[in-house]
Ligand code: TXA
Ligand code: MG
């Protein structure tokens with residue numbers, strides 16, 4: 001991907017949608033309108049595409065991303081659908097409702113997209129352009145709001161161009177987003193629903209459809225709200241940071257000059273390192289080492305998000 005380019009904005013006609021499909025299938029990024037806000041889409045099954053999303057957004061930590069799917073069938077391949085989930089899908093999809101469900105063990109989505117969690121957020125947008133783009137790729141698309149981290153969500157193509165500029169390969173202009181605020185996010189449990197982010201679909205609508213009580217996000221249920229928990233994904237093995245040599249029984253994850261038993265990126269590329277992070281942590285853990293040692297990662301660009309996640313993984317266990 002070339003950097004420092006001007007954003008390419010195209011009206012979302014047939015040709016532009018077809019081009020968006022080609023870009024996404026080859027691992028690039030496309031900003032597309034949804035009914036809520038513009039999303040920054042990438043192939044959810046590609047570690048590198050997902051890492052590029054985080055880089056483009058300048059996210060200081062790896063929040064899990066919403067994966068956009070083409071309906072129930074698309075969701076079924078990724079998450080375990082429950083009767084309550086089916087009722088919500090039937091009532092509100094396509095539309096501004098995101099469901100957080102248990103990931104299937106054979107889920108093909110990048111570990112980085114779900115930030116190493118056991119759950120995955122899925123939604124089917126109502127916007128015709130978003131659905132055309134999804135149909136053109138036939139891929140689950142990870143798509144956070146198409147803005148730099150910490151800035152307002154974009155509701156026009158011009159907002160996206162101002163915020164992300166050349167960090168995105170193509171911006172599809174489909175006019176202003178009709179809803180204008182992000183989707184309602186609901187965690188679907190066995191006997192309750194968790195409202196993780198309020199949106200235009202309300203708690204009482206969720207109860208009407210499922211008969212389940214809606215509870216609000218709290219620190220006790222922080223697993224559903226990963227950003228709030230100090231160690232939401234911790235491997236079984238303890239984690240030692242800023243290591244340059246492995247100690248006895250350790251698995252050393254390298255970066256750049258520190259080669260290790262396996263490397264996040266031998267060339268010291270932070271996008272590649274982010275793409276490999278969660279997968280390598282799991283692979284290291286599976287070796288049952290006395291500890292997972294990790295080479296120093298520079299605290300710049302995506303390195304900030306990588307270090308944020310590593311610090312959480314190394315935090316004392318049980319901390320909230
Ligand atoms: O309307 C929307 O949902 C837009 C459009 C583009 O679809 N997308 C959006 O994505 O707002 P984003 O990444 O800006 O916000 C996603 C939120 C984050 O706050 C994240 O923490 C939460 O969803 N999230 C994603 N996966 C989750 C999970 N497995 N458990 C709990 N929260 C999750
Ligand atoms: Mg956002």
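The values are calculated or read from the model by the stated rules, or taken from the named source; none is laboratory data. Every value quoted in this text rests on a predicted model; they were computed, and no experiment measured them. We place every Cβ from the backbone using ideal geometry, glycine too, and count neighbours over all the protein chains shown.
Here are 91, 115: which of them is away from ligand 2 (no atom under 16 Å from the Cβ), in contact with a helix residue (DSSP H, G or I) (Cβ under 8 Å, 6 or more places away or on another chain) and assigned by TED's automatic domain parsing to the domain that holds residue 37? Talk me through it step by step, then tell me what you get.
Values: 115 fails: away from ligand 2 (no atom under 16 Å from the Cβ).
One residue alone meets the criteria, 91.
Could you look through region 247-264, keep only residues that are in contact with a strand residue (DSSP E or B) (Cβ under 6 Å, 6 or more places away or on another chain) and surrounded by 19 or more Cβ atoms within 10 Å (Cβ to Cβ), and pick out the one that is nearest to residue 109 (Cα to Cα)?
In this case the residue turns out to be 264.
Take region 163-192 and flag every residue that is more than 16 Å from ligand 2 (Cβ to nearest atom) and farther than 21 Å from residue 126 by Cβ.
Of everything in region 163-192, those that are more than 16 Å from ligand 2 (Cβ to nearest atom) and farther than 21 Å from residue 126 by Cβ turn out to be 165, 166, 169, 170, 187, 189, 190, 191, 192.
Which of the residues that make up region 118-141 are in a loop (DSSP other than H, G, I, E, B) and either more than 10 Å from ligand 1 (Cβ to nearest atom) or surrounded by 20 or more Cβ atoms within 10 Å (Cβ to Cβ) (or both)?
Within region 118-141, 124, 125, 126, 127, 138, 139, 140 meet the criteria.
Looking at 192, 203 in this structure, which one is at pLDDT below 95, surrounded by fewer than 18 Cβ atoms within 10 Å (Cβ to Cβ) and away from ligand 1 (no atom under 16 Å from the Cβ)?
Step by step, each of 192, 203 is checked, and only 203 is at pLDDT below 95, surrounded by fewer than 18 Cβ atoms within 10 Å (Cβ to Cβ) and away from ligand 1 (no atom under 16 Å from the Cβ).
Count, please, the residues in region 42-63 that happen to be crowded, with 22+ Cβ neighbours inside 10 Å and closer than 26 Å to residue 202 by Cβ.
The qualifying residues number 0.
Return yes or no: is residue 80 within 16 Å of ligand 1 (Cβ to nearest atom) and surrounded by fewer than 23 Cβ atoms within 10 Å (Cβ to Cβ)?
Working: within 16 Å of ligand 1 (Cβ to nearest atom): yes; surrounded by fewer than 23 Cβ atoms within 10 Å (Cβ to Cβ): yes.
In short, yes.
Just name the residue that is nearest to ligand 2 (Cβ to nearest atom) out of those in region 149-162 that are part of a helix (DSSP H, G or I) and surrounded by fewer than 20 Cβ atoms within 10 Å (Cβ to Cβ).
Only one residue tops the list, namely 162.
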